1. With a 10 Å radius around each residue's Cβ, average the other Cβ atoms per peptide and rank 286-294, 23-31, highest first.
2. State, as an integer percentage, the relative contact order of the chain based on alpha-carbon contacts under 8 Å between residues 6 or more apart.
3. Report the residue, chosen from Gly278, Gly201, Gly118, that carries the largest GNM mean-square fluctuation when the chain is represented by alpha-carbon nodes joined by springs under 10 Å.
4. What does the helix-only formula give at 222 nm for the chain: each DSSP H stretch with n ≥ 4 adding -39500 (n - 2.57), the total divided by the residues, and the result rounded to the nearest 500 deg cm²/dmol?
5. Just flag the trypsin sites (Lys or Arg not before Pro) in segment 93-167 sitting in loop per DSSP whose Cβ has no more than 14 other Cβ atoms within 10 Å.
6. Against the longest principal axis of the chain, how steep is helix 132-142, in degrees 0 to 90 to the nearest 10, with axes from Cα atoms?
Amino acid sequence: MRVLIAGSSGLIGTSLVPHLRHGGHEVLRLVRRAPRAPDERGWDPPAGQLQDGALDGVDAIVNLCGVGIGDRRWSGARKQLIKDSRVEPTEVLAAAAAAHGVATLVNASGVNYYGDTGDREVDETAPSGAGFLAEVCRDWEAATAAATASTRVVLLRTGPVLSRSGGVLGKLKPLFGLALGGRIGSGRQFFPWISLDDQVGAIAFLVENHRVSGPVNLVGPNPVTNGEFTAALGQTLHRPTPFPVPGAALKLVLGADAAEELVLTGPRAVPAVLTAAGYTFRHPTVSDALLAAA
């Protein structure tokens with residue numbers, strides 16, 4: 001298959017490109033500058049423009065675009081950028097997929113779609129929840145509407161990705177190395193993790209599996225609370241976890257909204273669609289995923 005990837009320079013994209021190529025696919029990368037390599041194609045999302053011929057022969061588009069949601073405080077301008085950096089490219093690619101007869105659009109979304117579900121387990125049939133990130137995910141997924149009549153659309157409701165290359169572990173490991181790691185808030189909120197290997201493996205599986213469409217939770221099959229995740233990370237790194245981080249302190253650092261939605265609450269999401277489709281997780285437990293990322 002010829003697969004076009006938007007957002008190929010991020011944590012997931014840099015692993016997905018070689019994974020797909022190793023699987024025998026031809027991979028093209030969309031870039032927001034003048035193309036400098038044979039596998040690059042240019043585009044300008046704000047202008048709604050793609051390089052002429054960018055979609056020639058393309059069988060599937062994978063869209064991973066979006067600025068980070070946890071690396072800065074959420075000012076009004078930052079919130080708008082978080083939304084626009086997801087919705088705008090998705091609208092452009094969905095319209096292009098429909099216009100060029102692309103068979104498959106695999107589009108990023110987030111497990112934050114469900115909001116805080118407490119102890120209630122949710123699969124892909126659950127409704128959307130409350131909060132800024134849930135709103136972003138709804139708008140993000142709705143931006144694929146132009147493609148749904150003619151294209152198989154898959155919505156990747158992704159949880160935090162565990163990787164040795166960065167992401168959430170890149171921020172936590174230094175604290176644990178200094179014996180400053182600990183549960184956050186009550187520790188009872190759920191933390192919907194997935195390993196980088198399974199994130200990439202699942203995307204490739206969904207590109208190839210034409211029977212699956214609609215929302216797909218990209219999370220590990222065994223949900224854990226923040227307290228359980230913290231204990232597993234401490235054990236993996238052979239470091240104590242003695243200091244709980246008060247929610248009030250996080251709100252001072254991150255801002256109240258970001259702290260509440262990113263770390264103090266979370267959905268107990270399970271990968272029902274992925275499991276039913278026959279995907280086999282390489283790292284089915286959080287301990288497995290942490291050992292792989294250590």
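1. Values: 286-294: 19.6, 23-31: 17.1.
Put in order of decreasing packing, that is 286-294, 23-31.
2. On the way: 588 pairs, mean separation 57.1, N = 294.
After rounding, I find 19 percent.
3. Gly278
4. Working: 10 runs with 107 residues, N = 294.
Calculated from helices alone, the mean residue ellipticity at 222 nm is -11000 deg cm²/dmol.
5. Details: sites: Arg120, Arg138, Arg152, Arg157, Arg164; in loops: Arg120, Arg164.
Here the sparse-neighbourhood loop sites are Arg120, Arg164.
6. Taking the Cα atoms of the chain, the angle to 132-142 is about 20 degrees.
No value in this document is a laboratory result; all are computed from the given coordinates. Treat the numbers as computed from the prediction; the structure is a model and nothing was measured. When we count neighbours, we look across all protein chains shown, and the Cβ atoms used for this are built from the backbone with ideal geometry, even at glycine.
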